[in-house]
1. Greater than 18 Å separation of Cα atoms is the criterion. Which listed pairs, K40/K146; K78/K179; K26/K141, meet it?
2. Give me the extension gain from F97 to V167: residue separation times 0.36 nm, minus the current Cα-Cα distance, reported in nm with one decimal.
3. If each of W24 and I46 carries a label point 7 Å out from its Cα toward its Cβ, how far apart are those two points in nm?
4. Could you check the spin-label model distance between N186 and N79? Points 7 Å from the Cα along Cα→Cβ, value in nm.
5. Using the crude model of +1 on Lys and Arg Cβ and -1 on Asp and Glu Cβ, and no other charge, please compute the dipole size for the range 132-208 relative to its Cα centre, in debye to 20.
Amino acid sequence: MILEFNAYIQKSVKEDVLFRIEDWCKEFNNFALTFFIYLKYIFVLILIAIGILTLLKLKGIYFRVRTKDIKNNEDRLKNLRLFMGWTYIFFGIGILFNYLIYFLIWALDPLPDRFIFRFLNFSGNIDPEYINRVEDINASKYPHEKTVYYCFAILSFIFTLDLILCVWYLINNNRVISKPRAVIMNLIISVMGVIMFGVTTFLPFFLL
């Protein structure tokens, strides 16, 4: 009798903990949706600001060349900077009005990425149906499954933004990089993160 009572108490405690976790996941999911709305406009501002700063820096270099303050061969990345500046602005406007998001989802979807979902079932002990529900947020049944996907989507955004900033820094740095090893390592980690968590993981949430 005592053993049955203890088993009942333990079962009740476990169910109560699970319910609390699910309630927390529901609140986190609501937070994540709101968070991505803010992220979209912050991301747009970052892209447009990077593009404008790149073009302004290029303009300053152009005037310095015209006034012969520096040699013409000192700015060997002029065309690349011009291209990247307008590209960042185009990306920012495209994401703001959603048409570029649809294109990127379509263009980047075939790429081999989001390896994190493969590693989740590396041991083969997890139910494939559960993995499918975690990998596809539309197929999720429980709040914690959506929470896992939202966390991966946030990491996807962080690594994608870090990769964009790394590329911008390397192109717009006229001086010798003081810590080239750290910059290259940061670039490699960003690429690894993008491959691991994907780019299309967070993009659909910018359409909300």
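Laboratory data are not the source of any read-out in this text; all were calculated from the coordinates shown. Only a predicted model underlies this, so the values are computations on that prediction, with no experimental measurement involved. Cβ coordinates were reconstructed from backbone atoms using ideal geometry, including for glycine residues, and neighbour counts include every protein chain displayed.
1. The pairs that break the limit, which is 18 Å between Cα atoms, are K40/K146; K78/K179.
2. Difference between extended and current length: 22.8 nm.
3. My value for the distance between the label points is 2.7 nm.
4. 2.9 nm
5. It comes to approximately 260 debye.
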